[in-house]
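The values are calculated or read from the model by the stated rules, or taken from the named source; none is laboratory data. As the structure is a computational prediction, the values presented were derived from the model and not from experiment. Glycine gets a Cβ as well: all are built from the backbone with ideal geometry, and neighbour counts include every protein chain shown. Only protein heavy atoms, including side chains, enter the accessible area calculation; ligands, DNA and RNA are left aside. Shrake-Rupley method; radii C 1.70, N 1.55, O 1.52, S 1.80 Å.
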Amino acid sequence: MQRLAAACEAIAGTTKKLLKTGIVADYLKSRTTDEAAVSAVFLSGRAFPAWEETTLQVGGRSLWQIVAELSGSDEGELTATYRRHGDLGAVAGEVLSERAGQGLGVLDVEATFRQIAAARGPSAKAAIVRDLISRATPLEAKYIVKIITGDLRIGLKESLVEEAIARAYGGTPADVQRANMLVGDISEALRLASEGRLAEAAMRMFHPLGFMLASPIESAEEGLSYFAEAAVEDKYDGIRAQAHVANGEVKFFSRTRDEITESFPELPDALAGLPQDAILDGEIVAWDYPAGRARPFSVLQQRLGRKRVSDKMLRETPVAFLVFDVLYAGRELVMDRPLRERARILDELLTTPRKTLNHRGHGGSQRRAPVQGALAFDAEQHAEERIAEASIIRAPVFRASSPEELEELFAAAQERGNEGLMIKDIDSPYTPGKRGKSWLKMKRELATLDVVVTAVEYGHGKRVGVLSDYTFAVWDGERLVNIGKAYSGLTDGEIAEMTQWFLDHTLEDQGFRRMVEPKIVLEVAFNNMMQSDRHESGYALRFPRIVRLRPDKSAEEADTIERAREIFEKQQA
Ligand code: AMP
C-alpha cells in the first residue's frame, strides 16, 4: 500500500496526463497481477469493483473521529488542518504519526474493506476502520481514507487508469475501456489485458452502465445547429432509469447506479416477457393512465426511496417507464450503432409480442410477485397484466427541421405537462457517461444550475432549529467552488429530512454553520448571474431559489464553472 500511496503522490504532483498514466503503468507492472488488479480498483477511487453492490458505508463524521482519536489531535487542530486541505485523507496523512511496524499490503486493505462492508452498524464498522488505519503508515492512511470517502483527488480519472492498463499490458485504451464497461470491473479488465484476452470480455448483466447525458441549449436555433437530422422527444420529468432484462429477470438502476427495482413493483413483469435480453434506457414517471400523460415530478416523489409500496400507493400513484433507448439487445452491445438503428431495434423489441409473464400462479416465477396484495379472481389478474403491459411505453419520437417546428413541439410538450424537449442527433452513438452535443435539452427555465451543498446554517423565523440555509458550489476541475446560497424552495418535510442528513454528515461544526459532505445535489433557479467576489467561483446568483432536490444525481454530475460562465456570457449578449 505504501508504494501505491507513493505512486498516488507522484500522480497528484503532475498535471500531465501522459506522465500520470506512465506512473500508474510502471506501478502496475511492478506488482503481481492480483495486487495490480486490486490497485486498479483503488486508483479508480473505489473500494470495490463498480458492478458490485457492496459499499463501505462509513460516514465522514465517523472517519473524522477515528483520525482525531488516533492522532490525539483536538477538534480545533483538526479543523484548522482540514481548512487548509479540504480533504480528510490529506488531514489524516498530516496529523497521524509514524510508528514502527506499520505498513499494509493492498490485498490486506482490500480484505479489510470487505470486512467493513460486511460489518453491521456504524460502531462495528468504525472499530475495523480504526484498526486498519492504526496499522497503516501516515501516507497509507491518507489514501485509505480517500478511498473510503470515494475520492482520491489526484486528478486521475478512471479513463486514465484504463490507458495505463493498456500501456502496461498491451491492447489499445479503447479495448480496455470497452472490456471495463462490459464487465463493470476494472480489475477484471486488467486481468484480461494481462492475458491478452480483452476481446473475450462479455457483457455482465445487472451492473449498470453509464448514462448518456444531454447539454442544455438556450434557443430553438441552437437546438438545430449541431447536427443534420434531429429526433425530438418530450423531456419527461421523472427519474432516469436503466432496465436490465435477462432470462426473465428484471432490474432497474438509477442514475446514481443504485438498484431501484423494489420501489416500482409494477414495472418488472412487463419487461420480463421481452423477446430478447436487453438493456433499456428511459425515464420513470408518475403516469395518469386515463389521460395517457405524465404527472408532475412532485407526484412521483411520493414513490421514491421506498422499499415497500402499499397497494393504495400503487393504485393512486402508478408509474410508467418511458423507454427512449436501447444499449444491448439479443447478445449484442448496440451502443455504437447510430440512434436511427437503435430506435428501430427498440421499436421491434417493444412491439414483438411478449412471452408469458412471470405471474404468480403461472409457476416458474423467478421474482417475487410484481403487485402486492392477494388476488381473488382471474379477471383481476388479467387486469393486472394489462396494467403491467401498459406501464412500458415507447417514448414517441418527432422530427423537426426548422426552429419554428421545434418551438411548436416545445409548446405541445409543455401542453402535455412535460418539461420541454430532448433533441437528439439521429446519427450519434450512445456515449455512456458523456455530456456532449448529440443530446440536447430544451427546458422552460432561463437557466438552472445543478449544484452541490457544501455548507449549511440554521434558519431564522419559522426555520429556527433546522438547517435550512444552504451554501452551494459548482465544479472547477476537481474542486468545488461556492457560487451561492439559498433559503427557499424546499418543503418543511424535506428540510427536516435534510437537517438530519446534514447533522449526520457534518465534516466540521463551526458553530454558526456546518461544513458538510459534498453529496447533496440541488437544482437552483435564479433571475440572473453577476460577477462578484463574494464567492470563490467569482460569480453570484441573483434571487436564487431551490427548485428541488436532485437525489437522482451524484455530486460528480453537478454543473461546472464553465457552465456558469456560459450562462453568464449568454445573459450579457
Ligand atoms: P437534466 O436532468 O436536466 O440534466 O436533463 C437530462 C435528463 O432528462 C435525463 O437524464 C433524463 O432523466 C431526462 N429525460 C426526460 N426525458 C428524456 C428523453 N426523452 N430522453 C433523454 N432523457 C430524458
**Request:** Can you list which of the trypsin sites (Lys or Arg not before Pro) found in region 1-105 are DSSP loop residues with at most 14 other C-beta atoms within 10 Å?
**Result:** Lys16, Arg99
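Using only alpha carbon positions, build the gyration tensor of region 2-149, then give the equivalent ellipsoid semi-axes as the square roots of 5 times its eigenvalues, largest first, whole angstrom.
On the way: eigenvalues 116, 75, 39 Å².
The three semi-axes for region 2-149 are 24, 19, 14 Å.
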**Prompt:** Which three semi-axes in whole Å describe the equivalent ellipsoid of region 447-572, each the square root of 5 times a Cα gyration tensor eigenvalue, listed largest first?
**Reply:** 23, 15, 14
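Sorting check: for 510-516, 435-441, which peptide has the highest mean count of neighbouring beta carbons within 10 Å, and how do the rest follow?
435-441, 510-516
Per-residue ellipticity at 222 nm for the chain, helices alone: DSSP H runs ≥ 4 residues times -39500 (n - 2.57), over residue total, nearest 500 deg cm²/dmol? Walk me through the intermediate numbers first.
Numbers: 21 runs with 221 residues, N = 573.
Computed mean residue ellipticity for the chain: -11500 deg cm²/dmol.
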**Prompt:** How many nm is it between the label spots at Gln65 and Arg542, if each spot is 7 Å from the Cα in line with the beta carbon?
**Reply:** 4.7
**Request:** For region 511-573 and region 128-174, compute the distance between their C-alpha centroids and round to whole Å.
**Result:** 30
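Add +1 for every Lys or Arg and -1 for every Asp or Glu among the other residues with Cβ under 14 Å from the Cβ of Arg344, and state the total.
On the way: positive: Arg337, Arg340, Arg342, Arg394; negative: Asp325, Glu332, Glu341, Asp347, Glu348, Asp427.
For residues surrounding Arg344, the net value is -2.
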**Request:** Return the FRET efficiency for the residue pair Ser123, Ser298: r is the Cβ-Cβ distance, R0 is 35 Å, and the value is rounded to the nearest 0.05.
**Result:** 0.40
**Prompt:** What GluC sites (Glu not before Pro) in region 1-108 are in a loop by DSSP, with at most 10 other Cβ atoms within 10 Å of the Cβ?
**Reply:** Glu98
**Complete:** Once both label points are put 7 Å beyond Cα along the C-beta direction, the Ala496-Ala174 separation in nm becomes 5.6
**Fill in**
Expressed in square angstrom to the nearest 10, the accessible area of His505 with a 1.4 Å probe stands at 40
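If you roll a 1.4 angstrom probe over the protein chains with everything in place, what fraction of the accessible area of the chain belongs to carbon and sulfur, to the nearest %? Walk me through the numbers before you get to the answer.
Values: 12440 of 25310 Å².
For the chain, the apolar C and S fraction of the accessible surface comes to 49 percent.
Please list 129-141, 247-259, 401-413 highest first by mean number of surrounding beta-carbon atoms within 10 Å per residue. Intermediate results must be reported in sequence, preceding the final value.
Working: 129-141: 20.7, 247-259: 18.7, 401-413: 16.1.
Per-residue Cβ counts within 10 Å, averaged per peptide and sorted highest first, yield 129-141, 247-259, 401-413.
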**Asked** Between region 254-315 and region 1-79, what is the C-alpha centre distance in whole Å?
**Response** 37
**Message:** For the chain, what does the relative contact order come out to in percent, with C-alpha contacts under 8 Å and a separation of six or more?
**Reply:** 13
**Prompt:** Given a Förster radius of 51 Å and the C-beta distance between Ser30 and Thr317 as r, what FRET efficiency does 1/(1 + (r/R0)^6) yield to the nearest 0.05?
**Reply:** 0.35
**Request:** Work out, step by step, the length gained on full extension between Ala111 and Glu77: first 0.36 nm times the residue separation, then minus their alpha carbon distance; give nm to one decimal.
**Result:** 9.0 nm
**Complete:** At the level of C-alpha centres, the distance separating region 397-439 and region 206-251, in angstrom, is 10
**Message:** Give me the 1.4 Å probe accessible area per residue for the chain, excluding ligands and nucleic acids, in Å².
**Reply:** 44
**Request:** With no solvent and one equal point scatterer per Cα, compute the Debye intensity ratio I(q)/I(0) for the chain at 0.09, 0.10, 0.11 Å⁻¹ and report its log10, rounded to two decimals.
**Result:** -0.78, -0.97, -1.19
